[in-house]
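One structure below.
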Amino acid sequence: MSIDKIRDLKSAKVIPGDMEVGKYVYTLGLAGEKFFNGLKNGKILASTCKKCGITYLPPKAYCEECHGAIDEYSEVGKIGMVYSYTIQYVDGSGKKLDEGVIWALIKYEGVRGGIVHKLGEVDYDQLYIGMLVEPVFKKKAEREGKITDILYFRPIKP
């Protein structure tokens, strides 16, 4: 039975046992490696399809529209916009947090996609959709090429 022909989950075969995931190596991929190396250098990188002109964040190795390979990467700039947000009052284990954590979808002008990350240096009553924000990075010596190299995004002060 081919998995692409399964129409009823009850007909799927179950093979008991364990899968050894520890001996496999998972990579970031080409676009992921560029993105995380950019973070290590204090830059948020996106990829742009030369054929379609679409810019993607997070970067993609292949265009969603024309399926062409993408090998062009550029910095999106420092100023993003809060597209959506939520306030987290409970941690991953269900424990109530002493203080809520603000999470936002940050979008950049002319870019398809965005970044979900924490907001800081802002009170709940100051939050609004469309707020302009900038990333606050860890000190250069402390960066590891991870999303946590961005500590949070803060509002742009006029």
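Just so you know, all these numbers are worked out from the coordinates, no wet-lab data involved. Treat the numbers as computed from the prediction; the structure is a model and nothing was measured. Cβ: placed from backbone, ideal geometry, glycine included. Neighbour counts: every protein chain shown.
Observations on the model:
- In segment 15-73, GluC sites (Glu not before Pro) in a DSSP loop with at most 15 other beta-carbon atoms within 10 Å: Glu20, Glu64, Glu65
- GNM flexibility winner over the chain from Gly29, Gly80, Gly38 (Cα, springs under 10 Å): Gly29
- A simple charge model with +1 on the Cβ of Lys and Arg, -1 on the Cβ of Asp and Glu and nothing else charged puts the dipole of segment 8-49 at about 180 debye relative to its Cα centre.
- Percentage relative contact order, the chain, counting C-alpha pairs under 8 Å, at least six apart: 19
- Relative protection proxy for 121-127, 134-140, from highest mean packing down: 134-140, 121-127 (other beta-carbon atoms within 10 angstrom).
- Radius 14 Å from Cβ of Ile156, net charge of other residues (Lys, Arg +1; Asp, Glu -1): 0
- Kirkwood Rh and Cα Rg combined as Rg/Rh, segment 23-155: 1.01
- Per residue of the chain, the DSSP helices (runs of n ≥ 4 H) give a summed -39500 (n - 2.57) that works out to -2500 deg cm²/dmol at 222 nm.
- Among Val76, Val90, Val111: highest mean-square fluctuation, GNM of the chain, C-alpha pairs under 10 Å: Val90
- Using the Cβ-Cβ distance between Thr27 and Arg154 with R0 set to 30 Å, the FRET efficiency works out to roughly 0.40.
- Partners for Lys51 among lysines (Cα-Cα distance below 24 Å; same-chain residues under 8 apart left out): Lys34, Lys60, Lys107
- Once both labels are positioned 7 Å from their Cα atoms along Cα-to-Cβ, the gap between Asp91 and Glu142 label points is 1.9 nm.
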